[in-house]
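Enquirer: Structure provided below as structure tokens; questions to follow.
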Amino acid sequence: MLGSGTCKASYYDEPQGTANGETFDPDALTAAHKSLKFDTRVRVTNTANGKSVVVRINDRGPYISGRCLDLSRAAFAEIAKLSSGVTTVRYEILK
């Protein structure tokens, strides 16, 4: 494991370009992070229910204080109800 931590994660689902040049796909298991290299794989676990998902970093953000990951809609739905909007997660950098 290359690093880990705990933070708040949110999700986004609006069609747009991503920072690495891809077209954002809300149904893909991807995420935005402020500084991790593109294509880094990260395991994200909801601390409240233990559900986890592995995402690929392909965008930058989130730019809201206290949040370290902005997950695609599909990735967030794997670990929490979309209606919650934000959840506390533990993340582990895999590669």
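All of the numbers you see were taken from the coordinates with simple rules; none came from a lab. Nothing here was measured: the structure is a model prediction, and the numbers come from that model. No Cβ is skipped: glycine too gets one built from the backbone with ideal geometry, and neighbour counts run over all protein chains shown.
Enquirer: Looking only at segment 1-21, which residues are within 14 Å of GLY61 (Cβ to Cβ), in contact (Cβ under 8 Å) with a residue 24 or more places away in the chain and assigned to a loop (DSSP other than H, G, I, E, B)?
Expert: ASP13, THR18, ALA19, ASN20
Enquirer: Still on this structure, I have one more. So in segment 83-95, with the set limited to residues that are over 12 Å from the mean Cα position of the chain (by Cα) and hydroxyl-bearing (Ser, Thr, Tyr), which one is surrounded by the most Cβ atoms within 10 Å (Cβ to Cβ)?
Expert: SER84
Enquirer: Which one of these does GLY3 not meet: (1) crowded, with 19+ Cβ neighbours inside 10 Å; (2) over 12 Å from the mean Cα position of the chain (by Cα)?
Expert: Answer for GLY3: the failing condition is (1).
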